[in-house]
1. If I ask for residues that are of a type outside the set (A, V, I, L, M, F, W, C), touching a residue at least 12 places away in the same chain (Cβ under 8 Å) and either at positive phi or in a helix (DSSP H, G or I) (or both), which ones from region 83-115 would you list?
2. Counting only residues that are among the β-branched types (V, I, T), surrounded by 10 or more Cβ atoms within 10 Å (Cβ to Cβ) and not in a helix (DSSP H, G or I), how many does region 1-16 have?
3. Within region 106-119, is even one residue surrounded by fewer than 10 Cβ atoms within 10 Å (Cβ to Cβ) and over 30 Å from A16 (Cβ atoms)?
4. Could you grab me the full set of residues in region 19-68 that are part of a loop (DSSP other than H, G, I, E, B), over 21 Å from L85 (Cβ atoms) and aliphatic (A, V, I, L, M)?
5. I'd like to check something: does region 17-28 contain any residue that is within 20 Å of E118 (Cβ to Cβ) and surrounded by 14 or more Cβ atoms within 10 Å (Cβ to Cβ)?
6. Determine if region 38-57 includes at least one residue that is within 20 Å of the chain's Cα centre (by Cα) and loosely packed, with under 10 Cβ neighbours inside 10 Å.
Amino acid sequence: MTRKDIGDLSIPSEIADSLCACGGLEGLVDRLPPEDFIEHMREWYQACADPARLKILSLLMVQPLCVCVIKAVVKMADSKLSYHLTILKKAGMIEGEQQGNYIIYHITREARIFFEREEKRFAR
């Protein structure tokens, strides 16, 4: 394997040639998504990193629900459920709407599209 030196890097020729074609390291950096996009994706994947939150999102894909129903299905204490709902809300994946004494949670449009796409990737 032949190598080329680009600045302080000694890399395979194939990589060096394609790197030069896209403008070098600066061109590569320019092609990175904006920091706010990377932060948004980090929040979303972190929110999806817990099985309980994935179950909650799955339930809300079916229909909007109140906490009572979510709690009955996921079988967890109020404080723990509140913690998971807060993470999903902060990530912008769910929203809650006050209806009388109840808060009805639903998945956001953006999260629904994301979740559907992820379901297809991991289709059973």
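1. H84, K90, G92, E110, R112, listed by residue number.
2. 2
3. yes
4. Once the filter is applied, which keeps residues that are part of a loop (DSSP other than H, G, I, E, B), over 21 Å from L85 (Cβ atoms) and aliphatic (A, V, I, L, M), region 19-68 yields only L32.
5. no
6. Yes.
Each reported figure results from applying straightforward, stated rules to the coordinates on display, with no laboratory input. Just so it is clear, the structure is predicted and the values come from calculations on it, not from any experiment. Using ideal geometry, Cβ is built from the backbone for each residue, glycine included, and neighbour counts are taken over all protein chains shown.
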